[in-house]
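The values are calculated or read from the model by the stated rules, or taken from the named source; none is laboratory data. Bear in mind the structure is a predicted one, so any value in this text is a computation, not a measurement. Glycine also receives a Cβ, built like all others from the backbone with ideal geometry; neighbour counts cover every protein chain displayed.
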Amino acid sequence: MIITTAPKPTPKSMQQASRLAEELRAAVKPRRRMSVRKLLELSGDNRVIIVTDTETRYYDHAEEPPLFFHPSMAFIRVKRLRKGESDPLIALSRCEPGDRIIDCTAGMAADALVFSYAAGETGEVVAIESEPVLCSLVKQGLQHYDTGLPEVNEAMRRIRMFDGNHADYLASQPDNSVDIVYFDPMFRQPIMESTAIGAFRSLANMDELSHEVVEHAKRVARKTVIMKETGVSDEFLRLGFTRTQFNSSKIAYGVITID
């Protein structure tokens, strides 16, 4: 994998590229005038990360479309919370200001952002992502992306993102040490397919949750263990969650109430 910058890099983008290279143990290569296609050819594994002042883009075997951090629907959900409207995830998890949350399957950190806003300045969100490239990409985005709303930016900056296995992390946590444990395993039967979704799925961990992980989550959580899956998924029954449908036949939440 190659990490590079725009053709005319700034000190900021060079610094961010160097930090990423250290995290991912990859080489930083001067961009010069090379196209994305040429960089992919030179990379050895057809993977390239391009760092600019405004975003970091990940290319996997193709020039388009790259994967990059964006709060996407999470931003809309947070704006609704700002207006006093409800959010299904926040309502079902019973998240309140000051809560501590572990997001075991961070992905693009969309749900982590919603949790962080709802938990407020006195709360804490730890987001675990097992895939190093995705973790680094999202971690950088959370620290640098500007939504134009200071309180949303602050919610992003508060998220503590870690590269690792959520099973190991949960096993290391004391009993009743957080309020909410959340799982959003990648849908093994995708709701929709697009090239953008494909770029994300090429990085995402597709492993199913284990009974052992859920038992650790129940031990660690004081209030709620919650999981998002497809509405027709058998995972709710297999893992002991109570299924709750919300405004869509395609997505459902499963809840285990601790207290």
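Evaluate segment 73-81: report whether one residue or more is small (Gly, Ala, Ser), under 24 Å from residue 19 (Cα atoms) and touching a helix residue (DSSP H, G or I) at 6+ places or on another chain (Cβ under 8 Å). Looking for residues that are small (Gly, Ala, Ser), under 24 Å from residue 19 (Cα atoms) and touching a helix residue (DSSP H, G or I) at 6+ places or on another chain (Cβ under 8 Å), one finds none in segment 73-81, hence no.
The single condition from (1) touching a residue at least 40 places away in the same chain (Cβ under 8 Å); (2) buried (at least 18 other Cβ atoms within 10 Å of the Cβ); (3) over 22 Å from the mean Cα position of the chain (by Cα) that residue 1 fails is (3). In segment 82-174, counting only helices (runs of 4 or more DSSP H) that sit wholly within it, the ones holding 2 or more residues that are under 13 Å from the mean Cα position of the chain (by Cα) span 110-119, 132-144. Among 223, 218, which is under 21 Å from residue 86 (Cα atoms) and charged (D, E, K, R)? Selected residue: 223, the only one of 223, 218 that is under 21 Å from residue 86 (Cα atoms) and charged (D, E, K, R).
So which of 233, 210, 177 ends up being more than 18 Å from residue 110 (Cα to Cα), among the hydroxyl-bearing types (Ser, Thr, Tyr) and at pLDDT below 95? Testing whether each residue is more than 18 Å from residue 110 (Cα to Cα), among the hydroxyl-bearing types (Ser, Thr, Tyr) and at pLDDT below 95 leaves just 233.
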